[in-house]
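The values are calculated or read from the model by the stated rules, or taken from the named source; none is laboratory data. Just so it is clear, the structure is predicted and the values come from calculations on it, not from any experiment. When we count neighbours, we look across all protein chains shown, and the Cβ atoms used for this are built from the backbone with ideal geometry, even at glycine. SASA here: full protein model, heavy atoms, side chains in, ligands and nucleic acids out. Shrake-Rupley method; radii C 1.70, N 1.55, O 1.52, S 1.80 Å.
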Amino acid sequence: MNGIRETEDVFSPNKLFYHMDRMAQWWRGENVYPINVELSPTTVCNHYCTWCMHGEYFGSHKGDNKALKLYPDASMMRFDFYRKLVDELAELGVKSMTFSGSGEPFVNPEINDFITYTKAKGIDVAIITNGSIINEERAKVVVKNVTWLRVSLNAGTAETRARIHRTSIEDFDKTLANMKRLAEKKKEFGSKTQLGGQIVICPENWEEVYLATEKVKATGFDYMQIKPVIMHPMSKDRQYEREFFLRAIELIRTTKELEDDRFKVFIKWDQFNGILDANYEQDRYEKCLATFFPVIEANKLVYYCSQTRGLPQFAIGDLSKNTFKEIWESAHRQRVIESIDIKKCQPLCRCHPINKTLWALKHPNNNPNFV
Ligand code: SF4
Ligand code: SF4
């Protein structure tokens, strides 16, 4: 058994209740420091996925058009800076750190130090990566320190991966080999790191969903996550048609056949439901209450949330000018919070389940005393 249960969701809102101290603060309307922080060690990526929500306005991605970007700089956070930041975050009670993009985390040459130092400070680490540059040494650091790592594979063949990630044909096999090595290292070191693959379904890859899941299983990884592509409001591309997803879902369902005691398939049904019905759960909250899930960019700007990173109006502060605590307690952050209009947000954002839960807590109905 891999220790991952069928019903487990990495971002389950039920996990809020493991942090009753924060929930009590939130309930009383007090300041709540983040439980989880997402951080980009770099804005540079060695790929440039066709749907990359960051690549259109952030950093340096392979073969991109920098002239079209708001922040075309190739930012690389230095470990010296990060160490002081993590010291402060640990002090404020942050429990977990997710390294993710705007860029590819492993492009940062100091990433091993980022990982080991964070873990040594008592903060859990997760990584979202394209998996293409995880060498032997990094694999060891991962399985010794990381709680979960997810590889965005997005294809079942080298050609499709190359087309979507706008990378070389060789990249697919290299990534699968890196995944296999991670799984082997996990075994070798008796590690509990949860290793997952992911495919974001779009017209270019949906027919390969079964094959991609088979490939991920064959590497020895623990699970595959399947979700639809949801366009960022800033994206120039339009959301794909409902009919396309209806067709894709039939094939997606078949991937469950690949499950066994060791390997699980997680299909993000809430996101597929949201794609199929534009009004899906849109009335579940009227305001964003998930005010404590910030993102820190490699260029030291702090954003309100994962989906608003890169948008100047959602930058709550700049760590080159202020400490995290100063930013968090600033009047400017409050103004950003007040300015949020969820009608303009990406539907079913990462904090959607959290918002549903928090809103329901503050707006009880259906006779709450009858538990
Ligand atoms: S691997 Fe991630 S950061 Fe890089 S281009 Fe693709 S989506 Fe963007
Ligand atoms: S509802 Fe909007 S502002 Fe709130 S977390 Fe989601 S995307 Fe961000």
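For this structure, a couple of remarks:
- Residues Glu188, Glu281, ordered by accessible area of protein heavy atoms at a 1.4 angstrom probe radius and largest first, appear as Glu188, Glu281.
- Each Lys or Arg adds one and each Asp or Glu takes one away; over the other residues whose Cβ falls under 9 Å from the Cβ of Phe189, this sums to +4.
- Carbon plus sulfur fraction of accessible area for the chain, probe 1.4 Å, in percent: 51
- Per residue, the Cα convex hull of region 253-371 amounts to 195 Å³.
- Where region 295-346 is the region considered: accessible area per residue in Å², 1.4 Å probe: 46
- For peptides 23-35, 154-166, 135-147, sequence by mean Cβ density within 10 Å, most packed first: 154-166, 135-147, 23-35
- Comparing Lys215, Lys325, Lys300 in a Gaussian network model of the chain where C-alpha atoms under 10 Å apart are linked, the largest mean-square fluctuation is found at Lys325.
- For Ile267, residues with placed amide H under 5 Å, excluding near neighbours: Ile226
- Beta bridges from DSSP with both residues in the chain: antiparallel share about 15 percent, rounded to the nearest 5.
- Arg78 accessible area, assembled protein chains, probe 1.4 Å, Å²: 140
- Across the chain, the volume of the C-alpha convex hull divided among the residues equals 142 Å³ per residue.
- Pairwise alpha-carbon distances in region 147-267 exceed 24 Å for 28% of all pairs.
- Around Trp359: net Lys/Arg minus Asp/Glu count, Cβ-Cβ under 14 Å: +1
- Cross-link table Lys264/Lys356; Lys287/Lys362; Lys95/Lys325; Lys192/Lys217, entries beyond 23 Å C-alpha to C-alpha: Lys264/Lys356
- For the chain, Cys45, Cys202, Cys288, Cys305, Cys345, Cys349, Cys351 stand unpaired, since no other cysteine beta carbon lies under 4.7 Å from theirs.
- Residue ranking by accessible heavy-atom surface, 1.4 Å probe, largest first, among Tyr280, Tyr82 comes out as Tyr280, Tyr82.
- Å² per residue, accessible surface of region 147-267 at 1.4 Å: 44
- With a 1.4 Å probe rolled over the protein heavy atoms of all chains, the accessible area of Lys192, Lys321 falls in the order Lys192, Lys321, largest first.
- Mean Cα-pair separation over length for the chain, i.e. relative contact order, pairs under 8 Å, 6 or more apart, %: 17
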